[in-house]
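The values are calculated or read from the model by the stated rules, or taken from the named source; none is laboratory data. Owing to the predicted nature of the structure, the values given are computational and were not obtained by experimental measurement. As a convention, Cβ positions derive from the backbone with ideal geometry for all residues, glycine included, and neighbour counts pool all protein chains shown.
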Amino acid sequence: MVQSSVPLERPDPPVVGKVTHFSIELIWMHLKEKLPQTERFKFVLQEADKNKKEWGQVYAGYGFTKVIESLEPFTEYSYRLCVIGANNERSEYSSVCTVKTTKEPLNGEALHKAIILDRKSDVEKILDTPDGPRIIEIPDKFGNLPLQIAVNRNNLEMVETLIYKGASVNAQNESGKTALMLAAFSGKLSVLKELRNNGASYDIKDKSGCSVLHYAVDGGNLDCIQYLLMDGFDVNIKDTTSGWTPLIRAASVGGSKDVAELLIKYKADLNILDSENKSALMIAVINGNQPFVQVLVENGADLNIKNEYGKTAYEMAVAMDRRRVVKFFDEYFEKQKG
């Protein structure tokens, strides 16, 4: 076995290379010139624990550099190096090399976290940096923009802050939803009003062609529906996929009779047909929603309209065995005779 011709001296500590918020590069290339070229040397790199009382090995090999990863940002770490010769003789460990990782860079994730934790001061600090205008437009892993995250959390003060800092009230997420649509769906009336007061548009539709009123109907939120209609929103607006008005949409999602009554109060057309020639009444029959059917019939829905197969709403109810609906129709027809 090859014997080391020169006793192994205590090595100099590793030199610090590139440092990020999650990694540290350590280099000991300077030892290559000091060690005999006729032998191959192994290096052992150790890292101190947080209390700097115990040491753990993070590298053992023949290379002259090591990048330690998965570190915590803005945290101090200590390292020392040992040289092992051909006959397993070891040097003393080097003096300690101490280095601190950098602060975590400002990014979308940092802003999203600050919004979720309701840390207004952190949000303001992030958005007051030169990168603020860029960061405020970065979506989270679900595709929602910072303003939309605040809306989903019903945090009115955070919504106001983000708008003041430049968030676009009409920006759309990956599915085309705006903050206004999310507020309407979740029933956050105060947030909806704030967005509207800051220029949120009624003209935007999502990728399926739905409007903010469709979202309010989906959520069954009467106060939001009424606000939108009192504010002049078109009660008979159709989506661009199925040709559903808000009333037809309510029928399709099993909406309550209260939603139907409110839409009718604001002059919803009961007899508009969708792209498959079905009325709100027909769809309510298909879903077996007897209270919804009753509201439509009692408010004058046309019972003679036929679907593409030549069936009326009553005939559809019979064919589909919607017993509660059929019972209502039978009782209604009986009353009409009287």
Could you say whether any residue in the stretch 331-338 is under 43 Å from the mean Cα position of the chain (by Cα), in a helix (DSSP H, G or I), in contact (Cβ under 8 Å) with a residue 12 or more places away in the chain and surrounded by fewer than 23 Cβ atoms within 10 Å (Cβ to Cβ)?
-> no
Residue under evaluation LYS238, criteria (1) under 23 Å from LEU262 (Cα atoms); (2) assigned by TED's automatic domain parsing to the domain that holds ASN152; (3) surrounded by fewer than 24 Cβ atoms within 10 Å (Cβ to Cβ), criterion not met | (2)
Residues located in the stretch 314-330, provided they are assigned to a helix (DSSP H, G or I), in contact (Cβ under 8 Å) with a residue 12 or more places away in the chain and not charged (D, E, K, R) = TYR314, MET316, ALA317, VAL325, VAL326, PHE328, PHE329
Failed condition for GLN290, given (1) surrounded by fewer than 16 Cβ atoms within 10 Å (Cβ to Cβ); (2) more than 35 Å from the chain's Cα centre (by Cα), with all others met?
-> (1)
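Output the number of residues of the stretch 15-24 satisfying the condition of being part of a strand (DSSP E or B) and surrounded by 12 or more Cβ atoms within 10 Å (Cβ to Cβ). Outline the logic, then answer.
In the first step, residues of the stretch 15-24 are kept if they are part of a strand (DSSP E or B); the result is 15-19, 24.
Right, trim to surrounded by 12 or more Cβ atoms within 10 Å (Cβ to Cβ) and you get 15-17, 19, 24.
The qualifying residues number 5.
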Output for Cβ contacts, cut-off 6 Å, separation at least six or different chains, first residue in the same structural domain as LEU281 (by TED's automatic domain parsing) in the stretch 297-313, second surrounded by 17 or more Cβ atoms within 10 Å (Cβ to Cβ) and part of a loop (DSSP other than H, G, I, E, B), reads ALA301/LEU270; ILE305/SER279; LYS306/THR312; ASN307/LYS278
Answer yes if at least one residue in the stretch 248-257 is in contact with a strand residue (DSSP E or B) (Cβ under 9 Å, 6 or more places away or on another chain) and either surrounded by fewer than 24 Cβ atoms within 10 Å (Cβ to Cβ) or assigned by TED's automatic domain parsing to the domain that holds GLU124 (or both), and no otherwise.
-> no
When THR245 is evaluated against the numbered criteria (1) surrounded by fewer than 20 Cβ atoms within 10 Å (Cβ to Cβ); (2) under 22 Å from ASN289 (Cβ atoms); (3) at pLDDT 95 or above, which criterion, by number, is the only one it fails?
-> (1)
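Give the residue, chosen from ARG40, ARG80, ARG90, that is charged (D, E, K, R), farther than 30 Å from ILE126 by Cα, more than 42 Å from the chain's Cα centre (by Cα) and surrounded by 15 or more Cβ atoms within 10 Å (Cβ to Cβ). Explain how you work it out, then say what you get.
Working: ARG40 fails: surrounded by 15 or more Cβ atoms within 10 Å (Cβ to Cβ); ARG90 fails: surrounded by 15 or more Cβ atoms within 10 Å (Cβ to Cβ).
Answer to the check: ARG80.
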Say whether the condition of being in a loop (DSSP other than H, G, I, E, B), assigned by TED's automatic domain parsing to the domain that holds LEU192 and more than 17 Å from LEU189 (Cβ to Cβ) is met by at least one residue in the stretch 150-158.
-> no
Would it be correct to say that MET320 is farther than 21 Å from ASP239 by Cα and either surrounded by fewer than 16 Cβ atoms within 10 Å (Cβ to Cβ) or under 41 Å from the mean Cα position of the chain (by Cα) (or both)?
-> yes
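Mind checking whether some residue in the stretch 25-34 is under 37 Å from the mean Cα position of the chain (by Cα), in a strand (DSSP E or B) and either more than 16 Å from PRO11 (Cα to Cα) or of a type in the set (Lys, Arg) (or both)?
Looking for residues that are under 37 Å from the mean Cα position of the chain (by Cα), in a strand (DSSP E or B) and either more than 16 Å from PRO11 (Cα to Cα) or of a type in the set (Lys, Arg) (or both), one finds at least one in the stretch 25-34, hence yes.
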Looking at this structure, is ILE272 surrounded by 20 or more Cβ atoms within 10 Å (Cβ to Cβ), at pLDDT 95 or above, among the aliphatic types (A, V, I, L, M) and not assigned by TED's automatic domain parsing to the domain that holds ALA184?
-> no
Matching residues in the stretch 177-207 - criterion: being out of contact with any His (no Cβ under 9 Å at 6 or more places or on another chain) and outside any helix (DSSP H, G or I) | LYS177, THR178, GLY187, LYS188, ASN198, GLY199, ALA200, SER201, TYR202, ASP203, ILE204, LYS207
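Taking the conditions exactly as written (within 30 Å of ILE126 (Cα to Cα) and either in contact with a strand residue (DSSP E or B) (Cβ under 7 Å, 6 or more places away or on another chain) or modelled with pLDDT of 95 or more (or both)), does LYS193 satisfy them or not? Give the steps one after another, and end with the answer.
On the way: within 30 Å of ILE126 (Cα to Cα): yes; either in contact with a strand residue (DSSP E or B) (Cβ under 7 Å, 6 or more places away or on another chain) or modelled with pLDDT of 95 or more (or both): yes.
Yes: the conditions hold for LYS193.
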For CYS210, which of the numbered conditions (1) in the same structural domain as ILE272 (by TED's automatic domain parsing); (2) buried (at least 24 other Cβ atoms within 10 Å of the Cβ); (3) in a loop (DSSP other than H, G, I, E, B) fails to hold?
-> (1)
